[in-house]
Amino acid sequence: MSKKYKRQVRKETAAPTAGSTPATPASRVQSTNQPVFNPDYSYVIKDLRRIGVLVASFVTILIILSFILR
């Protein structure tokens, strides 16, 4: 079953006079105190490097073993 939502109607404020500044809704004002998204992926690079070294060493060992066991 779908939920029924009632639409909320906002009341409009009176038009601003010539000398006043227009009121901006709070939802449109951007906050300057939000943290900047700055991820740190240095641990991922270290893990990828470690995986690469392990793969290279395993392939090298397999190649050497293939020559020895023939």
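Mind listing whichever residues of the range 36-56 are assigned to a helix (DSSP H, G or I) and not hydrophobic (A, V, I, L, M, F, W, C)? Residues satisfying the conditions are Ser42, Tyr43, Lys46, Asp47, Arg49, Arg50, Gly52. Residues of the range 16-65 that are small (Gly, Ala, Ser) and modelled with pLDDT of 60 or more: Ala18, Gly19, Ser31, Ser42, Gly52, Ala56, Ser57.
The values are calculated or read from the model by the stated rules, or taken from the named source; none is laboratory data. Here the structure is a predicted model, which is why all the values come from computation and not from measurement.
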